[in-house]
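The values are calculated or read from the model by the stated rules, or taken from the named source; none is laboratory data. Note that this is a predicted model, so its numbers are computed, not measured. Positions of Cβ are backbone-derived with ideal geometry, glycine not excepted, and every protein chain shown enters the neighbour counts. Keep in mind that these areas ignore ligands, DNA and RNA; they rest on the heavy atoms of the full protein, side chains included. Shrake-Rupley method; radii C 1.70, N 1.55, O 1.52, S 1.80 Å.
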Amino acid sequence: QVQLVESGGGLVQAGGSLRLSCTASGRTLSNDIIGWFRQAPGSEREFGAVINTSGGTTFFADSVKGRFTISRDNAKNTVYLRMTSLKPEDTAVYYCAVLTGDDWARPTSYDYWGQGTQVTVSS
């Protein structure tokens, strides 16, 4: 069974950085477009970033543009989300998933969601 696994979350002070990792069991991600989403308590899951199969094309939500970067190492079957200049409003559970639909900004276009990794940014 295919499952994505997120890791790298934690508690960080505002202005700090974290790097999240997304890997998969039972699936080679090199042919997949991968998205990162986040969900804060009481809020809907929202788009963060997406990367194409080669890593040459990326898109970001306005809320993270200029602070987050997304990259991938297909040899390691891993996609990364590097987060810098973190703010308390970045606090959320972060998820990665495989794009299987048409709209890369919508969670409903993705499948194989992991359990997520908690990111908490203190002020």
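State whether one or more residues within the range 50-69 are within 26 Å of Ser123 (Cβ to Cβ), open to solvent by less than 40 Å² (accessible area, probe 1.4 Å) and more than 13 Å from the chain's Cα centre (by Cα). Scanning the range 50-69, I find at least one residue that is within 26 Å of Ser123 (Cβ to Cβ), open to solvent by less than 40 Å² (accessible area, probe 1.4 Å) and more than 13 Å from the chain's Cα centre (by Cα), so the answer is yes.
Taken over the range 1-30, the residue count meeting the criterion of being open to solvent by 30 Å² or more (accessible area, probe 1.4 Å), closer than 12 Å to Asp73 by Cα and either in a strand (DSSP E or B) or not β-branched (Val, Ile, Thr) (or both) is 2. Of all residues in the range 110-123, those that are free of Cβ contacts under 8 Å to residues at least 60 places away in the same chain have Cβ atoms under 6 Å from Cβ atoms of residues that are part of a strand (DSSP E or B), 6 or more apart or on another chain, in Asp111/Val98. The residues of the range 104-123 that are modelled with pLDDT of 95 or more, open to solvent by less than 60 Å² (accessible area, probe 1.4 Å) and more than 17 Å from Ala61 (Cα to Cα), listed by number, are Gly116, Thr117, Val119, Thr120, Val121, Ser122. Determine if the range 87-103 includes at least one residue that is part of a loop (DSSP other than H, G, I, E, B), small (Gly, Ala, Ser), modelled with pLDDT of 95 or more and touching a Gly at 6+ places or on another chain (Cβ under 9 Å). Within the range 87-103, none of the residues are part of a loop (DSSP other than H, G, I, E, B), small (Gly, Ala, Ser), modelled with pLDDT of 95 or more and touching a Gly at 6+ places or on another chain (Cβ under 9 Å).
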